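Scroll down for the structure; my scribbles are underneath it.
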Amino acid sequence: MNWKEEYKRKVSKPEEAIKDIHDGDCVVLGHAAAVPKVVPHAMAEHCEDYNDVLIFHMTTLGDNELLHPRCYGHFRHVSNFLSGNSRDAVNHLEGDFFPAYFHDVPGMIGDEIPCDVAVFQATPPNEEGYCSLGVSCDYALAAIRRARSVIIETNELMPFTYGNVMIHVSQIDHIIPCAYQLPELHSDAPSEVEMAIGRNCASLVVDGSTLQLGIGAIPNAVLNELTDKNDLGIHSEMFSDGVAELMKRGNINGSRKTLHKGKVVATFIMGSRELYDFADGNEDIELYPVDYTNDPIIIAQQYRMVSINSCLEVDLMGQVASESIGMRQYSGIGGQIDFIRGASMAREGRSIIAMPSTAAGGTISRIKPFLTPGSAVSTTRNDINYLVTEYGIARLKGRTLKHRAEDLIRIAHPDYRPMLIEEYERRFQCKYTE
Ligand code: COA
């Protein structure tokens, strides 16, 4: 059948499409700035009709109505990465957290993560009937392949991106044409502390490096400090405004990358409308499924691979908690370990975890004798390489427990060094010397 006829036949109203969702089903939702909106709205409006429907999602940017308390009891949320708007629903009685490395998620869809219905966003079809997944590739293709029913919102304001992001009209069961603005993520100007961390991290980045930068204020602060570097490349999970700025300035050109020379590679794009417009039709940017971008074996092939991520706290052995504060799940591991392991195997590669030395307005040291009880260890003491704060750089890889503790105390906030020194002297039964 001609794809245009198929398209016409598949155009549905959201209320029609959601009749494919049955009690006990699992619905896999699109990610980050590509979280669908129209279908979740219809589901939320009809939530009384549903019982025990599981929703699997990761970062959900913008207003996701399925997370509203009125949907509790009808939709249960299971997530692999929490954001501000999903934290309550997932930490709620019926919700649950799904620990897994991001690169493993596509392979789990259809097995450990059931997928009865896939609800995603894409662009309207091109002249051959292909829709681009736009700003989020991630686990979409895996879900679309495994779902019993595929519902796609074809959003006219979704940027058309390249890489391995195409789905054909023939793969879709319900097409919901729409036009709405994508949610945006804007970052505040970096603080003095963040700028100092950015400078310390940038001092570890040499010309010709291929970078991965994580989520949060710190990766943005690092990007601001890279304006005197040349021939940088990007092989990352996320593509952000800061990366686009360095592309425009010419600092990022990908000329010395081992794989995908000259291209920026990521699995999702999240930031401002200007960023989405920059990505629209831009063949210098390629998105691939996360089981490719975050595969440590792929990452390891990049010469001078540098990963820069953030965390919540670290103990004196170098165990890093990045995703929970005690028992409270705060975010997820995302690609942190995927990239740390990949970078550590790469020729001249290095991995960096960067954080402010304190939290909660300076009332808590993030360098601690012990992690907060219940905190998940995201990066083990065997994986950690560089730990950076505004006070300096500690290279923990290849260091003994005693030396690690000394290096960490040196980059802790001065107010908390006496407490850490006391623990050092108790633990190692020897005097701490500067
Ligand atoms: N104890 C108590 N509270 C703490 C804390 C600690 N050790 N560390 C942080 N907090 C509080 C902060 O004060 C802040 O609270 P506020 O919002 O009331 O100010 C909040 O927790 C968030 O901390 P912050 O450092 O501002 O978070 P962030 O937005 O910079 O994100 C991570 C940092 C670690 C949560 C984020 O980078 C992450 O999820 N990382 C793991 C995944 C990853 O690395 N992915 C990489 C591939 S993209």
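The values are calculated or read from the model by the stated rules, or taken from the named source; none is laboratory data. All of these numbers come straight from a predicted model, not from anything done at the bench. Cβ sites come from the backbone with ideal geometry, for glycine too, and all protein chains shown count toward neighbours. Protein only, heavy atoms only, side chains kept; ligands, DNA and RNA dropped before computing areas. Shrake-Rupley method; radii C 1.70, N 1.55, O 1.52, S 1.80 Å.
Checked against (1) more than 25 Å from Phe278 (Cβ to Cβ); (2) over 21 Å from the mean Cα position of the chain (by Cα); (3) at pLDDT 95 or above, Ile109 passes all but condition (2). For region 124-133, filtering for residues that are buried (at least 23 other Cβ atoms within 10 Å of the Cβ) and part of a loop (DSSP other than H, G, I, E, B) leaves 1. Filtering region 159-174 to residues that are in contact with a Ser or Thr (Cβ under 6 Å, 6 or more places away or on another chain) and crowded, with 22+ Cβ neighbours inside 10 Å leaves Thr161, Val165, His174. The single residue among Phe278, Phe239 that is farther than 24 Å from Glu194 by Cα, surrounded by 19 or more Cβ atoms within 10 Å (Cβ to Cβ), out of contact with any Asp or Glu (no Cβ under 7 Å at 6 or more places or on another chain) and of a type in the set (A, V, I, L, M, F, W, C) turns out to be Phe278. Pairing residues of region 207-227 that are not assigned by TED's automatic domain parsing to the domain that holds Glu237 with residues that are within 10 Å of the ligand (Cβ to nearest atom) and not charged (D, E, K, R), at Cβ distances under 6 Å and at least 6 apart in sequence or on separate chains, gives no pairs at all.
Restricted to region 364-377, and to residues there that are more than 9 Å from the ligand (Cβ to nearest atom) and open to solvent by 20 Å² or more (accessible area, probe 1.4 Å), the residue that is nearest to Arg410 (Cα to Cα) is Pro369. Answer with yes or no whether Ala189 is without any contact (Cβ under 8 Å) to a residue 24 or more places away in the chain and farther than 27 Å from Ile113 by Cβ. Answer is yes for this residue.
Checked against the criterion of being of a type in the set (Asp, Glu) and either under 21 Å from Phe97 (Cβ atoms) or within 15 Å of the ligand (Cβ to nearest atom) (or both), the candidates Asp284, Asp295, Asp277 yield just one match: Asp295. Count of region 1-58 residues, restricted to those that are under 30 Å from Tyr101 (Cα atoms) and part of a loop (DSSP other than H, G, I, E, B), is 15.
If the condition is being hydroxyl-bearing (Ser, Thr, Tyr) and either within 7 Å of the ligand (Cβ to nearest atom) or open to solvent by less than 10 Å² (accessible area, probe 1.4 Å) (or both), then region 334-361 contributes Ser351, Ser357. Which residue is nearest to the ligand (Cβ to nearest atom), if the candidates are limited to region 222-236 and must be open to solvent by less than 10 Å² (accessible area, probe 1.4 Å) and not in a helix (DSSP H, G or I)? Of everything passing the filter in region 222-236, Ser236 is nearest to the ligand (Cβ to nearest atom). Does Thr380 satisfy the criteria of being open to solvent by less than 50 Å² (accessible area, probe 1.4 Å) and more than 12 Å from the ligand (Cβ to nearest atom)? It is true that Thr380 is open to solvent by less than 50 Å² (accessible area, probe 1.4 Å) and more than 12 Å from the ligand (Cβ to nearest atom). In region 186-202, the qualifying residues are those that are surrounded by 18 or more Cβ atoms within 10 Å (Cβ to Cβ) and either more than 22 Å from the chain's Cα centre (by Cα) or at pLDDT 95 or above (or both), and the one that is farthest from the ligand (Cβ to nearest atom) is Ala202.
I want to confirm something. Restricting to region 53-83 and keeping residues that are aliphatic (A, V, I, L, M) and out of contact with any Pro (no Cβ under 7 Å at 6 or more places or on another chain), which single residue is nearest to the ligand (Cβ to nearest atom)? Walk me through how you get there before you give the answer.
Residues of region 53-83 that are aliphatic (A, V, I, L, M), as a first pass: 53-55, 58, 61, 66-67, 78, 82.
Checking which are out of contact with any Pro (no Cβ under 7 Å at 6 or more places or on another chain) leaves us with 53-55, 58, 67, 78, 82.
On the way: Val53: 27, Leu54: 23, Ile55: 21, Met58: 11, Leu67: 18, Val78: 18, Leu82: 8 Å.
Residue satisfying both the conditions and the ranking: Leu82.
Scanning region 389-399 for residues that are touching a residue at least 24 places away in the same chain (Cβ under 8 Å) and under 17 Å from Arg417 (Cβ atoms) yields Thr389, Glu390, Tyr391, Gly392, Ile393. Restricted to region 203-221, and to residues there that are hydrophobic (A, V, I, L, M, F, W, C) and near the ligand (Cβ under 7 Å from one of its atoms), the residue that is most open to solvent (accessible area, probe 1.4 Å) is Ile215.
For residues that are assigned to a loop (DSSP other than H, G, I, E, B) and near the ligand (Cβ under 7 Å from one of its atoms), scanning just region 307-333, find the one that is farthest from the chain's Cα centre (by Cα).
It comes out as Leu312.
Got at least one residue in region 78-99 being of a type in the set (Val, Ile, Thr), surrounded by fewer than 22 Cβ atoms within 10 Å (Cβ to Cβ) and in contact with a strand residue (DSSP E or B) (Cβ under 9 Å, 6 or more places away or on another chain)? Yes, there is a match, as at least one residue in region 78-99 is of a type in the set (Val, Ile, Thr), surrounded by fewer than 22 Cβ atoms within 10 Å (Cβ to Cβ) and in contact with a strand residue (DSSP E or B) (Cβ under 9 Å, 6 or more places away or on another chain). For region 237-252, give me each residue that is of a type outside the set (A, V, I, L, M), free of Cβ contacts under 8 Å to residues at least 60 places away in the same chain and within 18 Å of Ala217 (Cα to Cα). Answer for region 237-252, where residues must be of a type outside the set (A, V, I, L, M), free of Cβ contacts under 8 Å to residues at least 60 places away in the same chain and within 18 Å of Ala217 (Cα to Cα): Phe239, Ser240, Asp241, Gly242, Glu245. For region 377-397, the set of residues classified as part of a loop (DSSP other than H, G, I, E, B), under 20 Å from Val205 (Cα atoms) and of a type outside the set (A, V, I, L, M, F, W, C) consists of Asp383, Asn385, Glu390, Tyr391, Lys397, listed by residue number. Residues that are of a type in the set (Asp, Glu), farther than 26 Å from Ile299 by Cβ and either part of a helix (DSSP H, G or I) or in contact with a Pro (Cβ under 7 Å, 6 or more places away or on another chain) (or both) within region 188-209 comprise just one, Glu192.
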